[in-house]
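Peer 1: So that we are looking at the same thing, I have put the structure below in structure tokens.
Each value in this text was obtained by applying a stated rule to the coordinates, not by laboratory testing. Source: prediction; values computed, not measured. Note that we place each Cβ from the backbone using ideal geometry, even for glycine, and neighbour counts take in every protein chain shown.
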Amino acid sequence: MNLKPYRPEAPGDESPVRVVVADDHPVILEGLIKILNSQKDIRVVASAADGEEVTKLYYQFRPDVLILDLRLPKKDGLQVLNELMARGNSKPRAIIITTFDCEQAIFQTVRAGAKGYLVKVADPQEIREAVRRVAKGETFFPPEIGLKLAKSISSPRLSRREMEVLGSLASGKRNKEIGRALDISEGTIKYHVKSILRKLDVIGRAEAVAVATRRGIIQLA
């Protein structure tokens, strides 16, 4: 959705921060636009309801800040961010805004290049401050998000094989069943399970699944 055409300020005036916003919930999208447009130094120039649309709008408007919902139709926010960061020299200054504040989601978006991360319960002043700071080339992570990011960075990463084993544990499979499914020995499965428990700092399988789900490492169906 394109908004009112952007008109530069009079000579000598500082131009407002130009923002493109993407969210598939109309009420939230409208709310974000109102929160940002209530300030003289911020201007929402376009908005989108899906990942494909926001990608086009980004190249059309070249905003100072891009606000992305993590869960978007057609292309999710992380996919959009990865694609934009991989193209050309115009790297987006992106803020992720989402209902998901698990460690894995935060880590993945920051690794992809996000400069800010907000949950949708953030107050209007926090949202505006995030836009202003990211527009200046700074980062913005509220204290609780920063703590989760630090914990995620410092935690040992699970290997691809360990992720496969963890997914099988979450579905209730035993070692012998997992071994058959992955075509590896039961002894090797036991080794991977021990490694998973150590990396997640848990005692048993049930706790491993619970912690991994809470941190966003896996998603239960």
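Peer 1: Hey, if you put +1 on the Cβ of every Lys and Arg and -1 on every Asp and Glu Cβ in the chain, which of ALA170, GLY146, SER47 ends up farthest toward the positive end of that dipole?
Peer 2: ALA170
Peer 1: Contact order normalised by length for the range 1-160, with contacts defined as Cα pairs under 8 Å and 6 or more residues apart; what percent is it?
Peer 2: 19 percent
Peer 1: By how many nm would the segment from THR99 to THR139 lengthen if fully extended, with 0.36 nm per residue of separation less the alpha-carbon distance?
Peer 2: Length difference between fully extended and current span is 12.5 nm.
Peer 1: Then there is this: Sticking with the crude label model, points 7 Å out along Cα→Cβ, report the distance from ARG111 to ALA150 in nm, one decimal please.
Peer 2: The answer from the label model is 2.1 nm.
Peer 1: Name the aspartates and glutamates eligible as straight-distance cross-link partners of LYS91: C-alpha to C-alpha under 15 Å, and not fewer than 8 places from it in the same chain.
Peer 2: Cross-link targets: ASP64, GLU83, GLU138.
Peer 1: Relative contact order for the range 77-221: what is it in percent, counting Cα pairs under 8 Å that are at least 6 residues apart?
Peer 2: Dividing the mean separation by the residue count of the range 77-221 yields 21 percent.
Peer 1: Could you state the angle between the C-alpha long axis of helix 26-37 and the longest principal axis of the C-alpha atoms of the chain, as a value from 0 to 90 degrees rounded to the nearest 10?
Peer 2: Once rounded, one gets 50 degrees.
Peer 1: Could you grab the relative contact order for the range 36-88? Cα pairs under 8 Å, six or more apart, rounded to a whole percent.
Peer 2: Computed over the range 36-88, the figure is 31 percent.
Peer 1: Got a sec? How would ASP64, ASP24, ASP69, ASP201 order by Cβ neighbour count within 10 Å, fewest to most?
Peer 2: Final ranking by Cβ density, sparse to dense: ASP201, ASP24, ASP64, ASP69.
Peer 1: My understanding is that a pair violates if its Cα-Cα distance is over 26 Å; which of LYS40/LYS148; LYS173/LYS199; LYS120/LYS148 do that in this structure?
Peer 2: Flagged as over cut-off: LYS40/LYS148.
Peer 1: For the chain, state the semi-axes of the equivalent ellipsoid (square roots of 5 times the eigenvalues of the alpha-carbon gyration tensor), sorted largest first and rounded to whole angstrom.
Peer 2: Each semi-axis is the square root of five times an eigenvalue, giving 41, 17, 14 Å.
Peer 1: Based on the Cβ-Cβ distance of LYS74 and ARG205, what FRET efficiency does E = 1/(1 + (r/R0)^6) give at R0 = 35 Å, to the nearest 0.05?
Peer 2: 0.45
Peer 1: Treating only the Cβ of Lys, Arg, Asp and Glu as charged (+1, +1, -1, -1), what charge dipole size does the chain show about its Cα centre? Round to the nearest 20 debye.
Peer 2: Value, rounded to 20: 700 debye.
Peer 1: Starting from the Cα of LYS190, draw a straight line to each of the aspartates and glutamates and keep only those under 18 Å, dropping any in the same chain fewer than 8 residues away.
Peer 2: Of all the aspartates and glutamates, those that pass the test against LYS190 - Cα under 18 Å, at least 8 places apart if same chain - are GLU162, GLU164, GLU177, ASP201, GLU207.
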